[in-house]
1. Using alpha carbon centroids, what distance separates segment 34-85 and segment 125-141, in Å?
2. Tell me whether segment 90-149 comes out rounded, prolate or oblate; compute the Cα gyration tensor, take square roots of the eigenvalues as a ≥ b ≥ c, and use a/c under 1.5 as the rounded threshold.
3. Which one of Leu73, Trp90, Ser32 has its Cα pushed farthest toward the positive end of the charge dipole of the chain, where Lys and Arg give +1 and Asp and Glu give -1 at the Cβ?
4. Any idea what Rg and Dmax come out to for segment 15-162 if you just take the C-alpha atoms, in Å?
5. Using amide H atoms built in the peptide plane, which far-off residues or other-chain residues are under 5 Å from Ser83 H to H?
6. How large a share of the accessible area of the chain, in percent, is made up of carbon and sulfur atoms when the probe is 1.4 Å and the other protein chains stay in place?
7. Highest mean first, how do 8-17, 107-116 rank when packing is the count of other Cβ atoms within 10 Å averaged over residues?
8. In degrees from 0 to 90, rounded to the nearest 10, what is the angle of the helix 9-62 Cα long axis to the longest principal axis of the chain?
Amino acid sequence: MFNKKGFSLLLFLVYLLLFIMVTFFSCQIIVSLIIPSLHSLRICRSHVALHIATDLFVRDIHAINKEKNNWKLIHPQELIWASDDHDIGWHFNNSCLERIEGVYNQGWAKKTVSVVACNISNAIFNVEKRNNNIIGIELVLRPTHSINRPVVCYVALKQMEK
């Protein structure tokens, strides 16, 4: 009598090989879909952070008292102006955009530094003047991951009537 119970070792190895191949291909498909989506998500978060930084910059510029000339320093990578009770500065330093608040007199005496955005390859402040008055400021932020697609914002300053 020939009584067969269970599987043979060869059949077990064939099933094991098939299971390993299905698992490998499933993992490969999952990884090939998830890794690019995580990269896209990282780029999207970076762009959102840059747009939030430009919104904060616009808010600070709109809060400037336009009745007096209160600009202390105007450079392509740094702006400093006097507000009512302290000085405010925006500065590009070590691939980060920083907002500085404190007392400025040819250097910061008391200051609080806030990092507004990181992973920036370059930040440039372009000041537009007419009749020796500043009428607008453009901020150009170039992220490190896509240098060819900068984030640009322009803030127009309303001039007081005399």
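The values are calculated or read from the model by the stated rules, or taken from the named source; none is laboratory data. These figures come from a predicted structure and were not determined experimentally. Every residue, glycine among them, receives a Cβ derived from its backbone with ideal geometry; neighbour counts consider all protein chains shown. Side chains are part of the model used for accessible areas, which takes the heavy atoms of the whole protein and leaves out ligands, DNA and RNA. Shrake-Rupley method; radii C 1.70, N 1.55, O 1.52, S 1.80 Å.
1. About 14 Å separates the Cα centre of segment 34-85 from the one of segment 125-141.
2. Oblate is the answer for segment 90-149, as a/c is 1.5 or above yet b/c matches or exceeds a/b.
3. Ser32
4. My reading of the Cα-based Rg and Dmax gives 22.4, 89 Å.
5. Ile88
6. Roughly 60 percent, rounded to a whole number.
7. Final packing ranking: 107-116, 8-17.
8. Between helix and principal axis, roughly 10 degrees.
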